[in-house]
Amino acid sequence: MQKEKLAIEGGAKTKTSETEYVPKYGIEELMELVKLWELKPGSEEKVKSVLLEAWSGKSPHLFRYYHPDGDSMTRRFELECSKFFGVPYTLATNSCTSALIAALVAVGVGPGTEVIVPAHTFFASASAIVVAKAIPVIAEIDESHTIDPKDFERKITPQTKAVIVVHMKGLPCDMDTIMDIAKKHNLYVIEDVAQAAGGTYKGRKLGTIGNIGCFSLDHYKVIASGEGGIMTFKDEWLYTRAQSYHDTAACWRPNRYERERKPGELFAGENYRMSELQAAVACAQIKKLPGIVENLKKNYKKIVSKLELPKGVKLLKDNDPEGGCRYVLGLLWNDRELVVAARKALEAEGIWGSTHDTAVRDWHVYKYWEHILDKKTATNEGCPYTCPYYKGKIPDYSPEMCPNTLDYLGRSLFVGISPVYTDLECQQIADGINKVARILCERKEKNLPLLNV
Ligand SMILES: Cc1ncc(COP(=O)(O)O)c(C=O)c1O
């Protein structure tokens with residue numbers, strides 16, 4: 001047998017065949033994305049040729065890290081957000097739920113702590129607290145449909161570490177009072193801005209007033225990328241901790257491989273990274289946000305300026321009539337019978353209105369958060385409710401525990417507002433509300449049947 005010689009020493013190379021590089025993503029993947037537009041048969045070819053040119057046969061890098069030039073869609077989106085929100089640090093995530101969990105972890109919420117959350121919010125705001133191993137304490141909302149600052153203060157205990165305030169339906173919380181209370185009791189304020197991106201409070205962007213802002217980009221939000229989230233920070237340390245947790249502590253600091261610079265910087269985390277596909281859509285969406293909110297506010301103002309509401313119905317309490325992001329106009333009626341009749345009457349006028357029937361299961365109403373009320377957990381040990389580090393008294397959860405919230409929800413009606421309404425539509429919506437309110441409240445006063453149908 002011929003003696004083998006190392007290639008390095010002049011012998012024959014062992015591996016001589018080279019498989020042709022196959023790009024990871026090609027036109028097939030792109031066409032699947034294009035299908036989202038539900039193209040008409042026949043138009044695919046045209047779209048294909050245009051996109052093929054744009055795609056240039058290259059395989060895009062669909063991961064936020066390791067781009068040759070350090071650039072990425074996700075980073076670009078974060079930088080756009082920092083510019084728009086006027087904050088030094090922004091972190092893109094895969095949802096608002098994960099953003100809330102990362103925010104809680106970042107501020108040090110964990111075993112033994114309590115976090116206050118309003119009784120009216122999507123279940124995710126409360127569930128994030130349990131996932132972060134803390135006890136959720138449910139507080140009433142007031143007539144503004146946002147957390148009642150008085151009840152927030154009443155619910156503070158030595159175990160309270162943070163409060164999640166939620167700008168529900170684009171309506172701003174009473175941030176001045178909330179921040180004063182939080183300062184007095186040394187609490188962190190996490191703003192859940194899932195439903196209020198681009199909204200303001202006394203001229204300041206929602207999500208930039210508390211310690212951390214958490215936004216959602218899921219399909220139903222003001223701007224969207226299918227799924228996705230944004231976190232906004234003023235404080236570098238909170239950003240660093242959230243960044244660590246959101247990326248299984250993958251250590252993306254100035255130097256990825258450096259040891260922790262101070263205790264609390266590196267710890268085990270999750271993977272809440274935004275994908276490059278989401279970020280590409282989000283980059284386009286964030287640029288549209290100022291225009292959307294400006295038009296919403298303009299149309300809201302046009303409608304409100306034409307309202308003549310009788311006794312029996314009023315606008316919701318407003319923590320900043322110039323603020324929020326105004327895709328709904330909220331009306332608070334004197335009683336439940338009026339609100340039910342008003343919704344039906346408005347619908348017949350061609351005006352879409354929604355009410356909270358508190359007898360219907362709705363994940364936005366604490367009464368239906370059985371997972372929390374019954375202290376359900378993923379395993380039988382019952383953490384965090386059984387946590388030995390917890391020295392407080394677990395709240396007496398019950399469907400009746402927040403009667404004010406149920407009352408306000410039961411008497412409210414929301415008329416949807418679109419950023420593309422014409423002056424005529426705004427006028428007609430105001431006319432319709434005025435007509436329905438006048439007739440129904442008059443009948444109510446005279447004890448007549450509200451609707452003759
Ligand atoms: C107030 C509020 N918080 C949190 C979330 C959770 O957002 P995501 O779907 O991005 O996790 C939502 C979603 O509907 C929400 O409305």
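Table for the structure above
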read-out: Calculated from backbone phi, Karplus (6.51, -1.76, 1.60) coupling profile of the stretch 335-351 in Hz, x at Gly/Pro; value: 8, 5, 4, 5, 5, 5, 5, 5, 4, 5, 5, 5, 4, 5, 7, x, 10
read-out: For the chain, the spread of Cα positions along each principal axis, largest first, Å; value: 112, 65, 40
read-out: All aspartates and glutamates inside 18 Å of residue 40 as judged from Cα atoms, apart from same-chain residues fewer than 8 positions distant; value: 28, 32
read-out: Qualifying GluC sites (Glu not before Pro) in the stretch 391-448, DSSP loop, other Cβ atoms within 10 Å at most 14; value: 400
read-out: Protein-only accessible surface order, largest first, of 352, 333, 37, 237 at 1.4 Å; value: 37, 352, 237, 333
read-out: Rounded to whole Hz, the Karplus (6.51, -1.76, 1.60) HN-Hα couplings of the stretch 132-148, x for glycine and proline; value: 7, 6, 10, 9, x, 10, 8, 10, 5, 9, 10, 5, 8, 6, 10, 3, 7
read-out: Dipole magnitude of the chain, debye to nearest 20 (Cβ charges: Lys/Arg +1, Asp/Glu -1, about Cα centre); value: 520
read-out: Equivalent ellipsoid semi-axes, the stretch 8-95, via Cα gyration tensor eigenvalues times 5, rooted, Å; value: 35, 28, 10
read-out: 3J(HN,Hα) from dihedral phi, the stretch 254-266, Karplus parametrisation 6.51/-1.76/1.60, rounded to Hz, x for glycine, proline; value: x, 10, 4, 9, 5, 5, 4, 7, 8, x, x, 8, 10
read-out: 5 angstrom amide H check on residue 139, placed H, neighbours 5+ away; value: 117, 119
read-out: Nearest-ten-degree value, helix 236-246 long axis tilted from longest Cα axis of the chain; value: 70
read-out: Cβ-defined net charge surrounding residue 392, 13 Å radius [Lys, Arg +1; Asp, Glu -1]; value: +2
read-out: Around residue 227: net Lys/Arg minus Asp/Glu count, Cβ-Cβ under 14 Å; value: 0
read-out: Violating pairs (Cα-Cα greater than 23 angstrom) within the set 133/155; 24/288; 83/161; 234/391; value: 24/288; 83/161; 234/391
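The values are calculated or read from the model by the stated rules, or taken from the named source; none is laboratory data. All of these numbers come straight from a predicted model, not from anything done at the bench. As a convention, Cβ positions derive from the backbone with ideal geometry for all residues, glycine included, and neighbour counts pool all protein chains shown. The area values use the complete protein model at the heavy-atom level, side chains included, leaving out ligands, DNA and RNA. Shrake-Rupley method; radii C 1.70, N 1.55, O 1.52, S 1.80 Å.
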